[in-house]
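Each remark here refers to the structure printed beneath this line.
The values are calculated or read from the model by the stated rules, or taken from the named source; none is laboratory data. In this text, all values refer to a predicted model and were calculated from it rather than measured experimentally. Counting neighbours? That spans all protein chains shown, and the Cβs are built from the backbone with ideal geometry, glycine included.
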Amino acid sequence: MSKNNYAICITRTCGSGGTEIGKMLSAQLGIDLYDRKLLRLASDDSGINEKLFAKADQDMKKTVLYKVSKSIYNGEKIPPESGNFLSDRSLFDFQARVLKGLLKKESFVVLGRAADFVLREEPNAVSIFLTASPEACFRREQEIMQLDELGVNRHIKSINSYRSDYYKYHTGRKWKNVENYDLVLKTDVLGYQGCVDMIIDYVEKRLGTSILP
């Protein structure tokens, strides 16, 4: 791995604009942004059809095990003969391996997927938590979803609940615990470009070098 390769791992609350900020970082730094593309990469890596991975990812939301398990990912693989090869744990394992492999080859921005936990031992992996006031999140999601007040609030609650449960399930940690992250930023206070600038400034200080192309 090049000592200058780095990963910006973004965790975000629904409506905070984290996806847009990730795209802005990707464009400004000239590096790739990974989110659901990880499913395709995981599929390529494992030889398993992407649609099956995507289905496993969606099916996680419906399982009682997903809600109650306190399992912590420790790098183990589930062999095909276990009968559980397409489980959520297998999906997470392959995505984790892809992230670690990517960092050996390139710098990137990654959204969600508990990437901050997966890459926690990598010195050049920076973890960011993006949030905003309830009012700001509501306004953004209402503009996007074009739903009534009840529908928007239900959507935000559902997405945040899923992300929190996903993070807890795979890491054993609380999603909103600030101690998990290098930076916690309020996007409605700083603005999207302000967040981008602050993240870049932090990464450059961390690496001791400029990362702008």
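Taking the stated definitions as given, is E149 of a type outside the set (A, V, I, L, M) and touching a Gly at 6+ places or on another chain (Cβ under 7 Å)? No, not satisfied. When S127, S107, S133 are screened for being modelled with pLDDT of 95 or more, of a type outside the set (A, V, I, L, M, F, W, C) and within 16 Å of L207 (Cα to Cα), only S127 passes.
Of the residues making up segment 201-213, those that are touching a residue at least 60 places away in the same chain (Cβ under 8 Å) and part of a helix (DSSP H, G or I) are Y202, V203, R206, L207.
In summary, helices (runs of 4 or more DSSP H) completely within segment 103-200 and bearing 3 or more residues that are of a type in the set (A, V, I, L, M) and either crowded, with 20+ Cβ neighbours inside 10 Å or within 20 Å of the chain's Cα centre (by Cα) (or both) occur at 149-171.
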